[in-house]
Amino acid sequence: MKSILVIGMGRFGHHLTKNLLELGNDVMIVDSEENRMEDLVPYATSAKIGDCTNPEVLRSLGVANFDLIFICIGTNFQSSLEITSLVKEMGGRHVVSKATRDIQAKFLLRNGADEVIYPEKDIAEKCAERYSMDNVFDYIELDDDYAVYEIPPMRAWIGRSIREADIARKHNVMVLGIRDETGDKKIMPSADYVVKAEEHLMVLGERGTVSRLLKQIGSEK
């Protein structure tokens, strides 16, 4: 459990806060408009109305006491930049700022952000990757070269164990998990696990390698 400050209750900040609370974190929320956070006030650890471009408002929050600070200002980049700089000057331990463009990220990093996130860009890239490939049910990017893909089994795997199918050696992918027809997951299955036709496999591999594997799976239909 972490102590987290979320500044800016737009759509992203709102969803981020809900998920952080569901994971059991202590979350303080701040926005200049009360109506943006009304539904979260009963659940957040604390809430404050205020303009965080004002140094006095930020000082009143005790930014140095939080493990993480998210700055989720999406419509006014100047404000996001000012708040990022002020938060870091006041002792923010780890500052994560939201950006919509690469040029914004550069300025935020130069002005105190420890990390920059691109929610819209990340979702767009994930959707493009997932829907451009046939037979991909989900996709998690790890870096520029590797990702985890949820895929159906090849015919040659069905009714055989992961070891017997020799998936890692033949296809250069690692089976990290199995999702059955009910949606339940089995993480890190043993090499003796027998693959069923209705299941999906979560495999880790290089993009080009998985792309070739998916073409093989598609050709079996």
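The values are calculated or read from the model by the stated rules, or taken from the named source; none is laboratory data. The structure presented is a predicted model; accordingly, all values stated were derived computationally and were not measured. Every residue, glycine among them, receives a Cβ derived from its backbone with ideal geometry; neighbour counts consider all protein chains shown.
Residues that are of a type in the set (Val, Ile, Thr) and over 17 Å from Ile217 (Cα atoms) within region 179-205 comprise Thr182, Ile187, Val194, listed in sequence order.
Does region 213-221 contain at least one residue that is at pLDDT 90 or above, in contact with a helix residue (DSSP H, G or I) (Cβ under 6 Å, 6 or more places away or on another chain), farther than 30 Å from Thr100 by Cβ and hydrophobic (A, V, I, L, M, F, W, C)? Within region 213-221 (the criterion being at pLDDT 90 or above, in contact with a helix residue (DSSP H, G or I) (Cβ under 6 Å, 6 or more places away or on another chain), farther than 30 Å from Thr100 by Cβ and hydrophobic (A, V, I, L, M, F, W, C)), the answer is no, since none of the residues qualifies. Applying the set (1) under 19 Å from the mean Cα position of the chain (by Cα); (2) over 19 Å from Ser97 (Cα atoms); (3) of a type outside the set (Gly, Ala, Ser) to Ile49 leaves exactly one unmet item: (1). Which of the residues belonging to region 170-197 are closer than 14 Å to Met154 by Cβ and surrounded by fewer than 12 Cβ atoms within 10 Å (Cβ to Cβ)? Correct list: Ala197 only.
Taking the condition crowded, with 19+ Cβ neighbours inside 10 Å, without any contact (Cβ under 8 Å) to a residue 24 or more places away in the chain and out of contact with any Phe, Trp or Tyr (no Cβ under 7 Å at 6 or more places or on another chain), does Val63 pass? For Val63, the condition - crowded, with 19+ Cβ neighbours inside 10 Å, without any contact (Cβ under 8 Å) to a residue 24 or more places away in the chain and out of contact with any Phe, Trp or Tyr (no Cβ under 7 Å at 6 or more places or on another chain) - is not met.
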